[in-house]
Amino acid sequence: MSERTQGYKQRAAERAAELIESGMVVGLGTGSTAILAVRRLAQRLESGELTDLVGVPTSEATAAEARKLGIPLTTLDDRPTVDLTIDGADEVDPRLDLIKGGGGALLREKIVAQASARVIIVVDEGKLSPVLGTKWAVPIEVVPFGLRTEALFLEELGATVEPRLAGNGDYFLSDSGNKILDANFGPIEDAQELAWLLEERAAIVTHGLFLGLATEVIVAGPDGLRELKPEDDE
């Protein structure tokens, strides 16, 4: 990642963190951009600018970082409604539909997003795409028992499928103990139809198509920040 891109992500993340208010339940996203927002949130808490706030982490990695930074944490069992979630995305289309899951936390990210009143996505402009699937494969979280069956099913739908591996060459495992197949469909003509097909499969726990969940997208680029909402494309 270039220093310029890192700077764009930093600006977008810090802008999102400024939208957090005292007393909120905040979803803490996963990945390199979301963690920048988590760090800015910690700074605001430490300075006393924010008080009486709790976070719901979307991964064990984010939870560990938040604890290290002194952010109070809670769970969806205790606080089932989230006021605002800040997260990143791998790809964003003009409708503000997303592909997420590059960091492997798509299940918890989707659960928290669905529980949130607002979902603010922070990206650099390189994540914008005319059609989902143009730049990124769709992560598919699968129970290990059905891995090969689901890989064949995805290939029948026209995808090129790669199992996600960890650094040691073993299968990557999500925080829930599932495996991930990265399914490259190319540009996806109808993301909603594809989502329905995937959701019918018993072994597919979830997929990386996040449709209709983003309420705002903050995009950083050489011309500064843009704040997009779904109706902006209409």
| query | So how far apart, in nm, are the two label points at residue 200 and residue 231 if each is 7 Å from Cα heading toward Cβ? | reply | 3.5 nm
| Can you list the HN-Hα couplings for region 125-137, worked out from phi with the Karplus curve (6.51, -1.76, 1.60; θ = phi - 60°), rounded to whole Hz and with x for Gly and Pro? | 5, x, 8, 6, 8, x, 8, 4, x, 5, 10, 9, 6
| query | So which lysines can residue 110 reach, going by Cα to Cα under 22 Å and dropping same-chain residues fewer than 8 places off? | reply | 9, 100, 127, 135, 179, 229
| Whole-Hz ³J(HN,Hα) from phi, Karplus 6.51 cos²θ - 1.76 cosθ + 1.60, for region 111-116, glycine and proline x | 4, 5, 4, 5, 8, 9
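For the chain, what is the charge dipole size about the Cα centre, in debye to the nearest 20, if Lys and Arg each add +1 at the Cβ and Asp and Glu each add -1 at the Cβ? Write down the numbers at each step before the final one.
Numbers: 23 positive and 40 negative charges, 151 e Å.
Charge dipole, the chain, about its Cα centre: 720 debye, nearest 20.
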| Once Rg/Rh (Cα atoms, Kirkwood Rh) is worked out from the coordinates, which option in (i) 0.94; (ii) 1.48; (iii) 0.96 does it equal? | (iii)
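Determine, for each peptide in 108-115, 189-196, the mean count of other beta carbons within 10 angstrom over its residues, then list the peptides with the highest first. If you can, show how the numbers build up before the last one.
On the way: 108-115: 21.1, 189-196: 14.4.
Peptide ranking by packing, descending: 108-115, 189-196.
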| Nearest-ten-degree value, helix 60-69 long axis tilted from longest Cα axis of the chain | 10 degrees
| remark: Only helices counted: for the chain, with every DSSP H run of 4 or more residues adding -39500 (n - 2.57) and the sum spread over all residues, [θ] at 222 nm is -9000 deg cm²/dmol
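FYI, it's all coordinate maths here, none of it is from the lab. Since we're looking at a predicted model, the values are computed, not measured. All Cβ positions, glycine included, derive from the backbone under ideal geometry; neighbour counts span all protein chains shown.
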